[in-house]
Amino acid sequence: MLKKTETFSVLDVGLTMEGTLSCKGKMVIKGTVKGTLVGETVIIGQEGEVFADMKVGSLTVGGKFVGNIRAMEKLVILSTGNCEGKVTCKDLVIEPGGILNAEVICLSVKQEPGADKEPLQNPVKELPSKPVKEQSQSQNPVKEAPEPSENKETNSGKKPSKKSEAEKSGKTES
């Protein structure tokens, strides 16, 4: 029985490639790539620099990336990685120390039509709306709070005079 072989490519340190690059399997980039890159699994090594538009299955950034990425599965930025530009991916992992300075769009898993609406509608229907309205109408702290001048007079043991009560109501005695 034949063993399935996996394609593995390396762009080593000191190698600069400009243009369109397409690969199957895994590709490790330790040199510099400028242009367009399409592949399955791409790893930018710590020494690597990529200035490109990329469409890949998964991308691991250990060096420097500047451009647009469309990672259909996963984007991993290692602690030594620096990623700038525009990123579209399904899963995003950033190790502590890794730098992501990009516009990010996360792809969602496909769901059945209407499946995402159902969980949002049910909790709203179950919330009690009447008690909340009754509470806000029945409790009025402004009406229940005593005026500061009354507190001073009742705390000192004196009863408020008729004159002070009339002044409060806006009427004056003649």
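Any read-out appearing in this document is the output of simple, stated calculations on the displayed coordinates, not a laboratory observation. These numbers were taken from a predicted model, which means no experiment stands behind them. Note: ideal-geometry Cβ built from the backbone for every residue, glycine included; neighbour counts use all protein chains shown.
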Of (1) more than 19 Å from Val87 (Cα to Cα); (2) surrounded by fewer than 18 Cβ atoms within 10 Å (Cβ to Cβ), Asp53 fails just (1)
Considering region 19-48 alone, what residues qualify as being on the phi < 0 side of the Ramachandran plot and assigned to a loop (DSSP other than H, G, I, E, B)? Cys23, Lys24, Lys30, Gly31, Gly45, Gln46, Glu47, Gly48
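On the basis of being free of Cβ contacts under 8 Å to residues at least 40 places away in the same chain and surrounded by fewer than 13 Cβ atoms within 10 Å (Cβ to Cβ), does Ser79 make the cut?
Yes, satisfied.
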Can you list residue pairs whose Cβ atoms sit under 8 Å apart, with the first residue in region 49-67 being on the phi > 0 side of the Ramachandran plot and the second being surrounded by 21 or more Cβ atoms within 10 Å (Cβ to Cβ) and not charged (D, E, K, R)? Count only pairs 6 or more apart in sequence or on different chains. Gly67/Val50; Gly67/Ala52; Gly67/Met54
If only one of Glu18, Glu73, Glu40, Glu84 is under 22 Å from Thr7 (Cα atoms), free of Cβ contacts under 8 Å to residues at least 60 places away in the same chain, surrounded by fewer than 17 Cβ atoms within 10 Å (Cβ to Cβ) and under 26 Å from the mean Cα position of the chain (by Cα), which one is it? Glu73
